[in-house]
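Working notes, structure below.
The values are calculated or read from the model by the stated rules, or taken from the named source; none is laboratory data. Note that this is a predicted model, so its numbers are computed, not measured. Cβ atoms come from the backbone with ideal geometry, glycine included; neighbour counts cover every protein chain shown. These accessible areas exclude ligands, DNA and RNA; they are computed on the full protein's heavy atoms, side chains included. Shrake-Rupley method; radii C 1.70, N 1.55, O 1.52, S 1.80 Å.
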Amino acid sequence: MNYGHPLKFGTFITPVNHAPQQVVALAKHSEDLGYDLVSFQDHPYQPAFLDTWTLLAWVAAQTERIHIAPNVINLPLRPPAVLARSAASLDLLSGGRFDMAIGSGAFWDEIAAMGGRRLKPGEAVEALSEALDILRSVWDVADKRPLRIDGKHYQINGMKRGPLPAHQIPIWIGAIKPRMLRLVGRKGDGWLPSLGYVKPHEFRAANQIIDEAAREAGRDPREITRLVNIYGRFSASRSGFLNGPSAQWVDDLLPLIVHEGVSTIILMGDDPHAMETFSTEVIPALRAAASQALPSL
């Protein structure tokens with residue numbers, strides 16, 4: 001299935017085991033290598049991590065072209081009305097380079113330890129659904145009415161809308177299970193899983209759930225970008241999926257693009273050499289192979 005989105009590539013940097021300036025240097029290196037996106041984990045309860053929102057703002061100020069995103073934002077510890085204004089502000093300050101990736105939450109003991117609400121799986125999906133409505137409503141400055149939302153998990157009582165982001169911020173949802181996948185289809189701009197949690201052969205069934213939910217909601221499934229976080233190891237000989245030479249990485253990733261509709265591939269890891277190898281050896285060959293198989297790309 002080709003959903004018609006342009007092919008893009010990004011990096012996913014974990015802000016741990018590095019001095020702060022090393023983390024920023026890896027982000028700037030991503031831009032120098034031509035990546036479209038640099039992203040960071042958001043685990044506010046992890047003391048070894050830099051605060052993700054602060055890091056995103058700092059990186060945005062020290063780069064010029066590359067887009068920035070959380071991967072993914074921890075909604076239970078980020079109130080959606082505040083998150084909406086923070087996102088719009090960072091998008092304006094960065095010249096339209098902020099993209100939103102968001103999840104319903106995990107590690108509930110740690111979330112509760114920081115004062116967040118402990119939610120059951122169904123409640124977490126409900127809360128995320130309400131939050132998506134709040135984000136888009138805050139950004140809808142054309143509607144001059146005060147924002148009022150009486151949800152089960154979030155209440156907005158006359159909030160003034162705005163600011164208007166510099167570009168239409170996409171909202172990508174980290175989702176694995178059917179209930180979350182259906183939410184992607186109803187309300188998401190993109191689906192962002194990680195390999196390891198969703199295996200390559202499971203993409204088709206997940207896409208079908210998303211597509212069916214989109215059509216039931218009156219949406220065109222092609223509106224929804226399919227992204228994926230990947231990880232692997234470059235080596236001289238083949239030894240499993242994404243474990244081998246660059247040519248094997250091309251062979252392993254091409255079916256995700258051609259058959260499963262993935263259009264944004266995000267490399268996880270903090271190894272500058274791997275970032276360089278992927279950029280110089282995998283991306284050009286993968287683009288060429290994808291263009292040959294799908295001329296519309």
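Spin-label model, Gln168/Arg186: points 7 Å from Cα along the beta carbon direction are separated by 2.2 nm.
Summary value for the stretch 188-287: 27 percent relative contact order, contacts being C-alpha pairs under 8 angstrom separated by 6+ residues.
Taking every DSSP beta bridge with both residues inside the chain, roughly what % is antiparallel (nearest 5)?
Roughly 10 percent of the DSSP beta bridges within the chain come out antiparallel.
Can you pull the Kirkwood radius for the chain, inverse mean 1/r over Cα pairs, to one decimal in Å? Result for the chain, one decimal place: 19.8 Å.
Take the Cα atoms of the stretch 169-210, build their convex hull, and give its volume per residue in Å³. Provide the component values of the computation, followed by the final result.
Numbers: hull volume 2.4 nm³, N = 42.
Per residue, the Cα convex hull of the stretch 169-210 comes to 56 Å³.
With all distinct Cα pairs included, what does the Kirkwood hydrodynamic radius of the stretch 100-143 come out to in Å, to one decimal, could you say? Write down the numbers at each step before the final one.
On the way: mean 1/r = 0.0850 Å⁻¹.
For the stretch 100-143, the Kirkwood estimate is 11.8 Å.
Convex hull volume of the Cα atoms of the stretch 140-297, normalised per residue: 164 Å³. Length available on full extension from Lys28 to Glu202: 0.36 nm per residue minus the Cα-Cα distance, which gives 59.3 nm. According to the calculation over all Cα-Cα pairs in the stretch 27-96, the P(r) per 5 Å bin from zero is 3, 17, 27, 26, 17, 9, 2, 0 %. Cα-based values for the stretch 92-186, radius of gyration first and Dmax second, are 14.8, 40 Å.
Sorting 36-43, 150-157 by their mean Cβ neighbour count within 10 Å, with the most densely packed peptide first, gives 36-43, 150-157. How much of the accessible area of the chain, in percent, comes from carbon and sulfur atoms when a 1.4 Å probe is used? For the chain, the apolar C and S fraction of the accessible surface comes to 54 percent.
Determine the relative contact order of the stretch 1-97: mean sequence separation of Cα pairs under 8 Å and six or more apart, normalised by residue count, in whole percent. List each step's numbers first, then the result.
Details: 113 pairs, mean separation 25.6, N = 97.
Relative contact order of the stretch 1-97: 26 percent.
Reducing the stretch 12-45 and the stretch 200-265 to their Cα centroids gives an inter-centroid distance of 23 Å. Each of Arg65 and Arg222 was given a label point 7 Å from its Cα along the Cα-to-Cβ line. The distance between the two points is 2.9 nm.
Out of every Cα-Cα pair that the stretch 205-252 contains, those further apart than 19 angstrom amount to 49 percent.
Entry comment: accessible area of the chain is 46 Å² per residue, from protein heavy atoms only and a probe of 1.4 Å.
Report the relative contact order of the chain, percent, no decimals, based on alpha-carbon pairs under 8 angstrom and at least 6 residues apart.
It rounds to 20 percent for the chain.
Calculate the tail of P(r) for the stretch 238-297: the fraction of all Cα-Cα distances greater than 16 Å, expressed in %.
Numbers: 766 of 1770 pairs.
Considering the stretch 238-297, 43 percent of its Cα-Cα pairs are separated by more than 16 Å.
Relative to the longest principal axis of the Cα atoms of the chain, the long axis of helix 246-258 makes an angle of roughly 50 degrees.
Hey, how much of the P(r) for the stretch 1-66 falls beyond 16 Å, as a percent of Cα pairs?
Values: 998 of 2145 pairs.
For the stretch 1-66, the share of Cα pairs beyond 16 Å comes to 47 percent.
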